[in-house]
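Please read the structure below before turning to the comments.
The values are calculated or read from the model by the stated rules, or taken from the named source; none is laboratory data. Everything numeric in this text was worked out from a predicted model, so none of it was measured. Don't worry about glycine lacking a Cβ; one is built from the backbone with ideal geometry, like all the others, and counts go over all protein chains shown.
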Amino acid sequence: MIAGSKAFDFTGTRTRFQRLKDCKLFNGWIEKFHADRVMVKTESPGDLAADQDFRFEAFGNGTTASFVAKVESVMDHSPSASGLMEALPSGTRFVVFKISTALRFSESSEAARHKVKDIPVCLILNQETISAAATDVSIGGIGAICGREIPAGTQLTVAIQTPLGAISATAESRYCRPENGKPGMYRVGLMFLEMNRVAKPKWERYVGELL
C-alpha cells in the first residue's frame, strides 16, 4: 500500500501540521494535494502568514505522509472554479502550502478520517431522537454537527443514512464543542462501540470506497 501511495490519496483526509519556529500545532482537512502544493482548510486559531514553515502529517488509509511545506497564501473565503467567492465562518481559512521536501510515507495505525457532505444522522438518547449531520467518517466512528450538547462519555445509538443503506451502531461521545460560526450548534466526535454483523461490513465498505 505504501509503495503505491500518491499525494491525491490524501485529498479529503485529516492532517496535522506544526509551525517550525514555535512548534504551534494546527489541524485541518486536505482540500487539494498535488506533487508540490497542498491546500488545507483549517479552523485552528493562530496566525498564519506567507513564508512560515510547517512540518506536516497527513493521515490516509493505513498510511501517513510526512513532509515540510511553506505557506504561500491564506484565504478567508472559499475558492471556487466559477470564480465566485463564498464567505467562510469566522476563524475558518483556506491555506495553500508549497511543499519543500520529498514526501515520506509510513504505515499508520491511526484510522483515516474522510470529510463527507452532511450525511443525515439520527442520534437516539434516552428515547429522544436528535437530528444531526455527519461531516467526517472513519471505520471507528463519525464527526457530526447537531443542535444539542452531548457531553464526552455519553453513550447513545447512532443511525446513519449512507448510499449503501441505513446503518445503526452504539456509540460514545468522545468530545463535544460549540461549532465555529454556527450559534446553538455543536460538533461531536462519536466512537462506535458496537455494530451488528449486517451493519459492520456495510459500513466498512462505505468508508473503504471513500478512502
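Here are the numbers:
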{"item": "Qualifying position, being modelled with pLDDT of 95 or more and not assigned by TED's automatic domain parsing to the domain that holds I30, among T162, T129", "result": "T129"}
{"item": "Residue match in the stretch 153-172 (condition: of a type in the set (D, E, K, R) and surrounded by fewer than 16 Cβ atoms within 10 Å (Cβ to Cβ))", "result": "no"}
{"item": "Check on L103, touching a residue at least 24 places away in the same chain (Cβ under 8 Å) and outside the structural domain of G12 (by TED's automatic domain parsing)", "result": "no"}
{"item": "Conditions (1) over 20 Å from the mean Cα position of the chain (by Cα); (2) modelled with pLDDT under 95; (3) in the same structural domain as V68 (by TED's automatic domain parsing): number failed by N196", "result": "(3)"}
{"item": "The stretch 22-66: number of residues that are on the phi > 0 side of the Ramachandran plot and of a type in the set (A, V, I, L, M, F, W, C)", "result": "1"}
{"item": "Scan of the stretch 109-141 for residues that are free of Cβ contacts under 8 Å to residues at least 60 places away in the same chain, within 13 Å of the chain's Cα centre (by Cα) and in a strand (DSSP E or B), ordered by number", "result": "K117, D118, A134, T135, G141"}
{"item": "Number of the condition not met by A102 [criteria: (1) out of contact with any Phe, Trp or Tyr (no Cβ under 9 Å at 6 or more places or on another chain); (2) among the hydrophobic types (A, V, I, L, M, F, W, C); (3) surrounded by fewer than 18 Cβ atoms within 10 Å (Cβ to Cβ)]", "result": "(1)"}
{"item": "Top-ranked residue in the stretch 163-193 [being among the charged types (D, E, K, R) and in a loop (DSSP other than H, G, I, E, B); ranked as nearest to the chain's Cα centre (by Cα)]", "result": "E179"}
{"item": "Members of the stretch 137-175 that are in contact with a Cys (Cβ under 7 Å, 6 or more places away or on another chain) and under 20 Å from K117 (Cα atoms)", "result": "A159"}
{"item": "Count - residues of the stretch 11-60 that are part of a loop (DSSP other than H, G, I, E, B), closer than 21 Å to G91 by Cβ, of a type in the set (D, E, K, R) and touching a residue at least 24 places away in the same chain (Cβ under 8 Å)", "result": "1"}
{"item": "Residues within the stretch 180-206 that are surrounded by fewer than 18 Cβ atoms within 10 Å (Cβ to Cβ), β-branched (V, I, T) and in contact (Cβ under 8 Å) with a residue 40 or more places away in the chain, tallied", "result": "0"}
{"item": "Those residues of the stretch 152-162 which are of a type outside the set (A, V, I, L, M) and under 20 Å from the mean Cα position of the chain (by Cα), in sequence order", "result": "Q161, T162"}
